[in-house]
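The values are calculated or read from the model by the stated rules, or taken from the named source; none is laboratory data. The model shown is predicted, which means the values in this text are computed figures rather than measured ones. Here the Cβ positions follow ideal geometry from the backbone for every residue, glycine too, while neighbour counts run over all protein chains shown.
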Amino acid sequence: MVQIVDISQSLYRIWSVGLRVIRQTKRDRRTVVALIINPIILMLLIGYAFSGTFTGINLGIVELNMGPVQENVLNHLQASNIFSITYLASESEARKLISDETLNGVVVLGKDEIGLILDGTSPQVAGSIVTVVEAGMQAAAMQILSQSPAPAQLPTITQHYVYGYDLEVKDSVGPALLGVTIFFFTSLNTTIGFLRERLQGTLEKVMVSPLNRMELVSGYILAYLVLSIAQSVITFVILVVGFKVPIGGNLLAVLVIVVLLSAGSLSFGAVLSNFVTTEFQVMQLNPVVTFPQTILSGAWVPIQSIPDWLRPLSYIFPLTYASDALKLTLLKGASLTDILYPDIFALLIFFVVTFFVATFMIKKEIA
Amino acid sequence: MSAELMQEPTKDKFAVVGRNISKSFDKLHVLQDLSVHIPRGVTYCLLGPNGSGKTTLMRMIMGLVKLDSGEIYVLDEPLDRISLVYPRLGYMPQQRPLYPDLTVQENLEFYAGLYGIRGQERARKIAEVLQIVDLSQTQNRVTGMLSGGMYQRISLACTLINNPDLLLLDEPTVGIDPVTKQSFWGYFRELAKNGKTVIITTHIMEEAERCDMVGFMRNGIMLAESSPDELKKFAGLKKRLQMKVEDPEHEMAKLVAEGLEVSRVGDQLVIEVTEAGKMRDILDTVMPVDFNVIEPTLEDAFLKLAI
Ligand SMILES: Nc1ncnc2c1ncn2[C@@H]1O[C@H](COP(=O)(O)OP(=O)(O)OP(=O)(O)O)[C@@H](O)[C@H]1O
Ligand SMILES: [Mg+2]
């Protein structure tokens, strides 16, 4: 059946729903506090380092001048099964490969200097490269010391981060956590929001008005876009002012990511609300759905440290793409076109699918 | 009048027509081959005990519950086009649909927004519905902090915001004080007089008695649909004459001898009477100390039909 929808009336209804949701959120002090405090707490928590076993780190090696020490370091790198090694001819080639993310780091074995060129956006990966190189140096030093005649001078290790600044763990995890925060806040609040609408009978009353299901979900999206953007701004301020993270990002690209992610998370939350009947169940269900995603998204630990058999899961979670896109835009200054595929594309699919499922399911919950 | 026209009984005359409606939830038969006819411009009461299917039927009329079989027309539209009449419906669910964390004004603004009512018109309409439920002074209070009855009244105000042609009110007067209840009923009748149709569910007889029509439900079956008076006739109820007499033993024997069916409670005799003339004869025979004519109530009909 074809219904002629007056667009301005439709937009006004969407606006009415959005305004109402924002008013409700504003009235609820705890939610407002959570909106502001959550990112702060998360950022503070990032102060502690993460450990884990890494595999599949793409390492480049440039052999400039091979002496016994250099050989020893190389042997260590080769013996460690966490690297897949590419041998390169020059240092400039190495830098280029790091920039386009083919490599996570490069070890330049020189005569007086063992240079480590590392990808600053993955500090844990960088850290594990440093660890192995240092272990190799130590072993070499032991050997040399036990030799007579007098040992040659040991080469020094220099670390160099490609992006001009030395990032700490929190710097790189910060942007990704923005994604996690938005996802948590938005999906949890909409699951509870829709559940309440059903329990307090407002959903039923709203269904018997000119508002259609798509407008209802859109109204929620409108409200949560405003809230998520506010939250992002707060997180930025904390990152830039509080932690002095150098943000060189393209803010338009960041905005697109935030908008797509919160719209998708919201629709996802609306879908979840169909599987719960009490707020207690929401608290039980939400972690089951969001924790694996958070852990496997590369926000907390790099994708490289996730076991191979779990990695396919990472690639189906929207948060993986959001984390990646936020890291790229905020830390590497990537533009919208740089992250179009796969990140923006994946987030768009996530949103479209959950939006239609959410819309479809609202009707179904009425027997 | 042609035969084709005759087949369209929903036109003009009825706000809601439902035929042969059946519905089960799992194995529980909630409505069984039920038909309902609600004329336009009346107050229509769906009366029945708890669990008889009143709310289910009401939700069905709005397309919120799917039918297993049967058909329903609402304001001339079949159920699959029900959304066309949504702008003209006013629904007050049994659970009061308000956002407790918003103020009264904000709740009303939200519902007004759904119907595209805005600006000056919205302010005027909000003032008007608050006047009707006599709660103009609560405008800026947080809804969740209101008393139960006030909450209820605000819920009715929200239902009236779009000036609906068809109101579906699920037990609208539960928990309302008698004075307000009185004014609600006055308002419902006024709505009906102005051509609106008001459907009300209740299990309170006095309320049903105030309606133009009663649909009497039990176990998902429509037992009868008619005016309260006709319903009493349908139940075969008669007036009863209750007399206080000095010698009940003696007077009773006299009446029984005349072939009347008399029951005795203490010094009171009770007789069912059909005609007024007959009543005078009895009074002349017995010469009671005191007497009373008891009109049958809907409750009597209810008890008689529901068992
Ligand atoms: N969604 C549902 N799923 C299962 N059973 C239901 C559902 N809705 C209603 N019922 C059952 O249908 C029957 C009729 O319920 P309904 O709410 O229509 O009764 P009612 O006449 O409105 O009662 P009350 O006077 O208590 O409001 C009840 O037995 C109820 O448990
Ligand atoms: Mg009911």
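A Cβ distance below 8 Å, combined with a sequence gap of six or more or placement on separate chains, defines the contacts here; from the stretch A:195-208, residues that are more than 7 Å from chain B (Cβ to nearest Cβ) reach residues that are hydroxyl-bearing (S, T, Y) and not in a helix (DSSP H, G or I) in the pairs A:L195/A:T277; A:L195/A:T278. Evaluate the stretch A:264-283: report whether one residue or more is modelled with pLDDT under 85 and more than 30 Å from B:P93 (Cβ to Cβ). No; the residues of the stretch A:264-283 include none that is modelled with pLDDT under 85 and more than 30 Å from B:P93 (Cβ to Cβ). Within the stretch B:79-96, one or more residues are polar (S, T, N, Q), more than 16 Å from ligand 1 (Cβ to nearest atom) and modelled with pLDDT under 95. Condition first: at pLDDT below 80 and more than 24 Å from A:V206 (Cα to Cα). Can you find one or more residues in the stretch A:306-321 that meet it? Yes, the stretch A:306-321 contains a residue that is at pLDDT below 80 and more than 24 Å from A:V206 (Cα to Cα). Given the criteria in contact with a strand residue (DSSP E or B) (Cβ under 8 Å, 6 or more places away or on another chain), more than 16 Å from ligand 1 (Cβ to nearest atom) and farther than 16 Å from B:P172 by Cβ, does B:D76 qualify? In short, no. Under the condition of being among the β-branched types (V, I, T) and in contact with a Leu (Cβ under 8 Å, 6 or more places away or on another chain), which residue from the stretch B:181-211 is farthest from ligand 2 (Cβ to nearest atom)? The selected residue is B:T197. There is no residue in the stretch B:200-213 that is away from chain A (no Cβ under 14 Å) and over 14 Å from the mean Cα position of the chain (by Cα).
With respect to the conditions (1) outside any loop (DSSP other than H, G, I, E, B); (2) under 27 Å from B:L114 (Cβ atoms); (3) more than 17 Å from the chain's Cα centre (by Cα), B:V179 lacks only one, and its number is (2).
If you check A:Y341 against the conditions, is it hydroxyl-bearing (S, T, Y), in the same structural domain as A:F185 (by TED's automatic domain parsing), surrounded by fewer than 19 Cβ atoms within 10 Å (Cβ to Cβ) and part of a helix (DSSP H, G or I)? Yes: the conditions hold for A:Y341. Across the stretch B:27-48, the qualifying residues are those that are buried (at least 23 other Cβ atoms within 10 Å of the Cβ) and either within 14 Å of chain A (Cβ to nearest Cβ) or not in a strand (DSSP E or B) (or both), and the one among them that is farthest from ligand 1 (Cβ to nearest atom) is B:L31.
Among the residues of the stretch A:213-238, the one identified as surrounded by fewer than 22 Cβ atoms within 10 Å (Cβ to Cβ) and under 19 Å from B:P93 (Cβ atoms) is A:R213. With the condition kept exactly as written, say whether any residue in the stretch B:21-44 is of a type in the set (S, T, Y), within 16 Å of ligand 2 (Cβ to nearest atom) and under 21 Å from B:L191 (Cα atoms). Yes, the stretch B:21-44 has at least one match.
Yes/no matrix, rows are residues, columns are (1) of a type outside the set (S, T, Y); (2) in contact with a helix residue (DSSP H, G or I) (Cβ under 9 Å, 6 or more places away or on another chain):
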residue: A:S305; (1), (2): no, yes
residue: A:W309; (1), (2): yes, no
residue: A:Y315; (1), (2): no, yes
residue: A:A325; (1), (2): yes, yes
residue: A:L336; (1), (2): yes, yes
residue: A:A346; (1), (2): yes, yes
residue: A:F350; (1), (2): yes, yes
residue: A:M361; (1), (2): yes, yes
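The number of residues in the stretch B:94-110 being over 13 Å from B:A157 (Cα atoms) and either crowded, with 20+ Cβ neighbours inside 10 Å or facing chain A (nearest Cβ under 7 Å) (or both) comes to 4.
Put simply, of B:G63, B:G70, B:G51, B:G90 the only residue that is more than 16 Å from ligand 2 (Cβ to nearest atom), within 24 Å of the chain's Cα centre (by Cα) and more than 14 Å from chain A (Cβ to nearest Cβ) is B:G70.
With respect to (1) surrounded by fewer than 16 Cβ atoms within 10 Å (Cβ to Cβ); (2) within 16 Å of ligand 2 (Cβ to nearest atom), the lone exception for B:P172 is condition (1). Starting from the stretch B:161-180, keep only residues that are of a type in the set (S, T, Y), then list their pairs with residues that are within 16 Å of ligand 2 (Cβ to nearest atom) whose Cβ atoms are within a distance under 7 Å, requiring at least 6 positions of separation or different chains. Final answer for the pair search is B:T173/B:E207.
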